[in-house]
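What follows is calculated from the coordinates using simple rules that are stated; it is not laboratory data. None of these values were measured; they are calculated from a predicted model. Reconstructed Cβ throughout: ideal geometry from the backbone, glycine too, with neighbour counts over all protein chains shown.
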Amino acid sequence: MPGRWMWHCCSLFFIIVLAAVGVWTFALGFLLSRVELSDKAVCQNQFAAAGRKGISCYHNLKPIFNRAVIVVVDALKYDFLLTNHSIKAGKGRSYENKLPVVDHLLKHGPENTALFKFIADPPTTTMQRLKGLTTGSLPTFVDVGSNFDAGSIGEDNIIDRIKEMGKNVTFMGDDTWIQLFPKSFSKAFPFPSFDVRDLDTVDRGVTQHLVPEMRKKDWNILVAHFLGVDHCGHRYGRDHPEMARKLKEMNEMVRNVVQNLQDDTVLFLMGDHGMTKSGDHGGDSKDEVEAGLFVYSRKKFIDVNLLPDTVAQVDFVPTFSLLLGHPIPFSNLGRIIPGFFSDATDPSRLETALRVNAQQVWSFIQKYSQEASDFPPASLRHVDTLFHNATSQQLSLVAYQSFFQQTLNVCRTLWARFDTKLIWLGVVFVGASVAISLLVLVFISSFGWTQSFFALVAIAASVVHFFSMFSNSFQVHEDVSVQCILQALIWTHFITTPPRRSRQARGNFLRCLLLSIAVRCMEFYRRCREEQSECQVNEVSVDFDSIPLQSDLYHLRRGLNVIAYLLIGSVSWMSLEKRLNKNGQVHLLVVILFCLYFSGENAFDFHTVFAPRLLYISTVGAVTCLFLSPNISLKPRKSQSNNEHGEVLMNGNVVTNGSSRRTSQPEVNSYSKADFPANFDYALQTFGQVICIVLTLFLCTVTGGTWNVILIGLPVLTKFHFMDSPESSDGVGRLVMWAFMAWHLFFSSGHQTTFTTLHWNSAFVGIGEDSGKHWQLFQKILMGSETFAGQILAAWAVPLMMMWRERGDSYWLQNPEVYSSSLWKNCLSYQLWHTSKLFFVMLNAAVNRRHLMVWKIFAPRFIYEALSFACSSSALLLAFLYSSRAFFVLFQFITDLQVPLVQYPSRRTKDIGDLVKSSRKRR
């Protein structure tokens, strides 16, 4: 048996690794990042390079300003900067008319101020936007993953150029800047950035230092990055009273900065990205890419006639550089804002600025085409023609704009390039994993599953679902299709399962009805994608922390949380307490205590870190102890039995009229109905259920209340999947249904396969304000556990689906090798379903890699599917190891008792009391 088990374990591991290698290979070819050049721009004027004031790096282009204040208000949407005079005071939405100082300055100084739509390049995450704002280059899709762990910028950027010129940069705010520019600031006041529930700490810290630092003379560039508006959006959404408060604070901040601005200083007030109605960002929707840019100086320097309404964020880099006389970073692709360089006294100033900008962009294109060696020759010739057309004639703003725009478009197209060899090699690896699994299962089952109509329906539904991955519309509405398929499979299973008794038929119907209701109720937690125009978000799906205190919804959610935890604790205690020995009761008692605590009033307070951390430690300890000692239910007690002469045996002695004598007959342990131990099959099932309960409590805590109501339905779901079925081939159908359930739990917990629906709050459960670098790995684990909690729970429960066999303990004890084979077959079948779906998702991304929706729909779908595969496979492999060890330990325990197999139930339908009665009849 150990040899066979080792083969099963290694084969399952090999199939998972083969698919994982395919995913990694595919990702290398599909999510390629562009080549980053290490070249640096050089200041052409040695006096300017030495840091002298009033001297530009370009001899014939005098700087307009000596100093600059850059204020980044994270998620400052363009709409937030507008003032609508038709809205009466106190009316309108929470974000409207909250920055009147901007409108006042625009009216009274049109030549001193400018306001633009500031268009961001997706992905609209903070780290990628800061890269674009400082380098002038374009991000690639794969960069979105770096938002969790920003590294230093290797490309040329405005911060390094300023430092190379001997000038000082003072920074305060979001500590992402410190990670991007670790040694570039002469003075820095960083604050933690990912604490999305904290609206004020960073802003107060920046406000405390901003004006005092402005009044000093030891800086040339001052950077301030506020986070409160962005965090308010994540926590409450953009139309919330807290948003009005934060924007009013920003209005007061801008007023103070303007009052302390010197004549030789320019102010840039900007957002790095926008936000959706729910306050999220990360994608490429209009709400997410439309940030705002406000520019102000006491000095008149703006030609209103040459100001565009919209500028790209990469345009900030050359504009900022030339306004202050700095060299434009080498990798910049942006263009200057022409209205800032038009001078009536010097008509050649604008042309000089455009020529300098165009020459820098052309130099970068030439160098990149040499280094990357995959720049299309036709595109290179086209860009060369545009450059010479713009620079070979007198000032032609249209020609320059055409050169900049088409060069930018060529680069955007180029950096969506793919390595087709790696892409198809990855698809082949995953396809091989699917083919091997399928062939092995068909060989060992001999097409036995074809005898079950329900299994055929489940497989057909899976095939249809897999092929729907080739449609962007089906992917957008996948949550609805998964729910419909799951509901159909539930009732198909009921119809195709003939009951043996009318009572069983009523029980089956009730379970199916309750399961259908639970599946339907889960829809209330669903969140909408941007593309789902007809979708409406239910108030129940709002994050718990976003609900105003003392509101009716707050009390409702609080009550449901209390009910959920008490229900988990009470159901666990009532169903398992009598079946556990002292070892198991200790684990169950810990679960009950935590349930009682988290049902309390302050359990979900953001500052409560002790209990979640204790729960994390307890979870690790409990899972470890369960692996080392899986016997949590078997508790043999010696009792009296009868020998072959009908004499009563007690501890090896014959008892007669109160006296006893020793007998040579070996003692046989027998059990009455009162003290009969939990039988072998129930022992395995109890072990698996306790593990699932521990993991459920952990995941319930990480989700911060989102899943609590959903978890009420878990006993119903579990009971449905464990109920008796006269056809063993139904196991295939139930495994398929369980796989659909995993994805339904994903969607029902407020997730979609888009980055805007990530629940950032889960990364801070039990972390609180102590979120530093040493917590980053653990925060990633929390985020992954919360996002893919459905897949993790479903994978852990797979071994439990084979516990309810009619053959009973005698079958397992007489055929221990069958348990390992059955467990392996179940795990392999479940793994095959997820790998097959991954294969079709990858195949769709490979075939449609030039599709219009590849980066908006297909690429995020692949990333989510790959991460889901990783979480599900890891949990499934651990579940296989845990269940195998539990079987071996419990089997050895039963074997050591030397109890005849006749004392174990041969059929699950027999009660232990009936077993005792039948043994008495035999005697």
## Note on the structure
Highest mean packing first, using Cβ neighbours within 10 angstrom, the peptides 828-835, 475-482, 209-216 sort as 828-835, 475-482, 209-216
## Note on the structure
Quick numbers on segment 243-312, Rg and Dmax over C-alpha atoms in Å, give 14.9, 40
### Query
If you put +1 on each Lys and Arg Cβ and -1 on each Asp and Glu Cβ, how big is the dipole of segment 197-296 around its Cα centre, in Debye rounded to 20?
320
### Message
Let me check I have the definition right: for segment 287-379, take the eigenvalues of the Cα gyration tensor, multiply each by 5, take square roots. What are those semi-axes in whole Å, largest first?
### Response
27, 17, 11
### Query
Given the Cα-Cα distance of ASP263 and LEU441 and 0.36 nm per residue of separation, how much length would full extension add, in nm?
56.3 nm
### Query
With respect to the cross-link table entries LYS98/LYS131; LYS117/LYS277; LYS163/LYS216; LYS131/LYS421; LYS217/LYS300, which display a Cα-Cα separation exceeding 21 Å?
LYS98/LYS131; LYS131/LYS421; LYS217/LYS300
### Message
As an exercise, find the ratio Rg/Rh for segment 855-896 from alpha-carbon atoms, using the Kirkwood inverse-distance average for Rh.
### Response
1.43
### Message
For the ranges 366-372, 12-18, what's the packing order if you count other beta-carbon atoms within 10 Å of each residue, average per peptide, and put the highest first?
### Response
12-18, 366-372
### Query
Looking at segment 59-108, which trypsin sites (Lys or Arg not before Pro) are in a loop (DSSP not H, G, I, E or B) and have at most 10 other Cβ atoms within 10 Å?
LYS88, LYS91
### Task
Calculate, in nm to one decimal, what LYS248 and VAL463 gain on full extension: separation in residues at 0.36 nm each, minus their alpha carbon distance.
72.0 nm
### Query
Roughly how many whole Å is it from the C-alpha centroid of segment 385-407 to that of segment 241-309?
30
### Summary
Taking 0.36 nm per residue of separation between SER186 and ASP309 and subtracting their Cα-Cα distance, the length gained on full extension comes to 40.7 nm
### In nm, spacing of pseudo-spin labels at CYS521 and GLN359 (7 Å Cα→C-beta vector)
7.2
